[in-house]
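Just so it is clear, none of the values below were taken in a lab; they were calculated from the coordinates. Given the structure is predicted, the values throughout are model-derived calculations rather than measurements. Glycine also receives a Cβ, built like all others from the backbone with ideal geometry; neighbour counts cover every protein chain displayed.
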Amino acid sequence: MKLLDDAIAGLSPALQKALAHAGSLALGIILAVLLHYVLYRIGLPSKPFIYVAF
Amino acid sequence: MSELPPGSPPRRSPLFRPGTFVLGLVVGLLLCSLVARHVSSRSYHEGFTRFYLGISPEAQYYPTLDEMKGIVRSGCRPDQTLVIVGGNSIFNGVGQPAGKVWTEELQSQLGDGYFVVNFAFRGALCTDGGAVVAEALRNEFPRQIYVANTSPFGAIAPYGTEPYRYLFWEALSRGELEAFPARDAAVSDYRRIFMSWGERFNAGARESLDRILRFRDLWNWVGFNYLFTIQNPMTPHLPEAMAPRSQIPDTETDFDTIPFEERFRPEIRDAEMKIVRGFSQLFYAEGPGHAWVLSPKKAKDYEEDVRMAFPDDLKARTLIMLSRNSPLYLDQLSPSERSRDNQAYRDAIGLWQKAGYQAAEYGTGYDVLDFGDRTHLTSAGGQKLARTVADLVRSLAEKRGYTAHTSPSP
């Protein structure tokens, strides 16, 4: 991370800002999709329904 | 880079912007919700016949309300009368393989003026699955008939039964059900008596979140079309376990391929006879002249259950079919028991009709070979059922004014 930070520090301030925003936005979206999936998973019963005819 | 002096604020990574990150979270959730709404607005179940084992709660696949509404929207034209089939495994077509399901025959009997969709589930009540979808679509498809099966004096809960009750909660939380004071009171009692405050909170939070975020809709669509991620007993081994559910075929057993002796094994006959007798034994007493009389308490309770099952304005378009048992077992009843069984069917039909529903029975006069077991039908039995239901549906559609191109009431 430090290496990446240092590399970015060498870029122009405008490019640094744009990259930081793009990266943060992408990270947020990825975590949102993961959260969305987790919400789906935790709503499912832990054991499947077993049908018994009677 | 040197260490920061003590007391100075922590150094901010030039790569991370908390505000933009939060914005990303919100945008991501919003995108998921929008995609879910879009994909479930139309059917992704190509050539849908029924919810077979691979796409049912037995396989950890829980069809959503919007997914089911999408199936109807994609199939039913505005000029057709919508026929939604609900009920249990008998109406789902257990024992009838794809291509020989009784609802396919019903569609063929009714013809192009009708669109038949089978939303019956194994072990469901007549108020489950299809009933919820039918009510949710009452205004969008007012030319509509709901058909479901039940047994005389069997369980009826206005909020359905597990594991299908989630559909009722889903519709209720989205305001897709009618206000119906009798049912609302029963739901309120159920929540108070059978759910702890923690369960009520969890259920409420889950439904509220799903109403906004639609996570069930999105991940069902992903699981059906691309990648299924839930371990389940129907496809326990990789790679089939993760295959999209669209690739899991309907492999319903065909009763006609199982020898008669295996379907009606002698060792289960006693247990089956107990069930057959149980249809009427508990609620009837012999009255004057050997007539069988229904217990007043049971009559009152059942009448109340029937009254609460569906909102008043939807009762008249609801056709309840009472399922008879196989003659293989009925013929073993004594004449007195047979008379009691017949009386139970007459009384139950009478109570449904008195409450404003259409009601009839099926199975009388069916052959032993029309049944695959005590209660489920073979393909031949399914064809007979389809003919009976088709006649009743046509007659009800005419009575409701669906055949004339007027504006029908739901």
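A few notes on this one:
- Each Lys and Arg Cβ is given +1 and each Asp and Glu Cβ -1; about its Cα centre, the stretch B:193-235 then shows a dipole of about 60 debye.
- Cβ charges +1 (Lys, Arg) and -1 (Asp, Glu), total dipole of the stretch B:304-410, debye: 300
- Extension gain from B:Glu267 to B:Ser334, taking 0.36 nm per residue of separation minus the Cα-Cα distance: 22.1 nm
- Convex hull volume per residue for chain A, taking Cα atoms only, in Å³: 89
- Taking other Cβ atoms within 10 Å as a rough exposure proxy, A:Lys47, A:Lys17, B:Lys384 sort from fewest to most as A:Lys47, A:Lys17, B:Lys384.
- Those aspartates and glutamates that a straight Cα-Cα span of less than 17 Å connects to B:Lys274, excepting residues fewer than 8 apart in one chain: B:Asp331, B:Glu337, B:Asp341, B:Asp373
- Its residues counted as N, the stretch B:252-410 yields a C-alpha radius of gyration over 2.2 N^0.38 Å of 1.20.
- Amide hydrogen neighbours beyond the local backbone of B:Gln144, cut-off 5 Å, H modeled: B:Leu82
- Anchor A:Lys2: lysines whose Cα lies under 26 Å away (excluding residues fewer than 8 positions away in-chain): A:Lys17
- Per-residue [θ]222 nm for chain A (sum of -39500 (n - 2.57) over DSSP H runs n ≥ 4, rounded to 500): -24000 deg cm²/dmol
- For chain B, built as a Gaussian network whose Cα springs stay under 10 Å, the top-fluctuating residue of B:Glu67, B:Glu261, B:Glu337: B:Glu261
- Mean projection of the Cα convex hull over all viewing directions, computed for the stretch B:280-354: 5.6 nm².
- Evaluating kT/(6 pi eta Rh) at 20 °C and 1.002 mPa s, with the Kirkwood radius of the stretch B:340-410 over Cα pairs in the Stokes-Einstein relation, gives 151 µm² s⁻¹.
- Rg/Rg_ref, the stretch B:12-148, where Rg_ref = 2.2 N^0.38 Å and atoms are Cα: 1.36
- Neighbour-count ranking [beta-carbon atoms within 10 angstrom, fewest first] of B:Phe51, B:Phe260, B:Phe16: B:Phe260, B:Phe16, B:Phe51
- DSSP-defined beta bridges in chain B - what % are antiparallel, rounded to 5: 15
- Inter-chain shielding of B:55-68 (mean C-beta neighbours from other protein chains, 10 Å cut-off): 2
- Amide hydrogen neighbours beyond the local backbone of B:Ala157, cut-off 5 Å, H modeled: B:Thr127
- Bridge type composition, the protein assembly as shown - antiparallel percent by DSSP, nearest 5: 15
- Along its principal axes, chain B has C-alpha extents of 103, 48, 47 angstrom, given from the largest down.
- Kirkwood Rh in Å, taken over the protein assembly as shown so that all alpha-carbon pairs contribute: 24.8
- When the charge dipole of chain B is built from unit charges on Cβ atoms (+1 for Lys and Arg, -1 for Asp and Glu) and taken about the Cα centre, the candidate among B:Leu110, B:Leu238, B:Leu31 whose Cα reaches farthest toward its positive end is B:Leu31.
- Take each residue in A:15-28, count the other chain C-beta atoms within 10 Å of its C-beta, and the mean is 6.
- Taking a straight line from the alpha carbon of B:Lys315, these lysines sit under 24 Å away, with near neighbours fewer than eight places off in the same chain left out: B:Lys69, B:Lys297, B:Lys298, B:Lys300, B:Lys354, B:Lys399.
- Computed [θ] at 222 nm, helices only, for chain B once each DSSP H run of length n ≥ 4 contributes -39500 (n - 2.57): -14000 deg cm²/dmol
- By the compact-protein rule of thumb, 2.2 N^0.38 Å, the alpha-carbon radius of gyration of the stretch B:20-73 corresponds to a ratio of 1.46.
- Averaged over the residues of A:4-11, the number of partner chain Cβ atoms lying within 10 Å of the residue Cβ comes to 2.
- Dipole axis of the stretch B:205-344 (+1 Lys, Arg; -1 Asp, Glu on Cβ), positive-most option in B:Val222, B:Val306, B:Ala271: B:Val306
- About the Cα centre, charge dipole magnitude for the protein assembly as shown (Lys/Arg +1, Asp/Glu -1 at Cβ), debye: 1260
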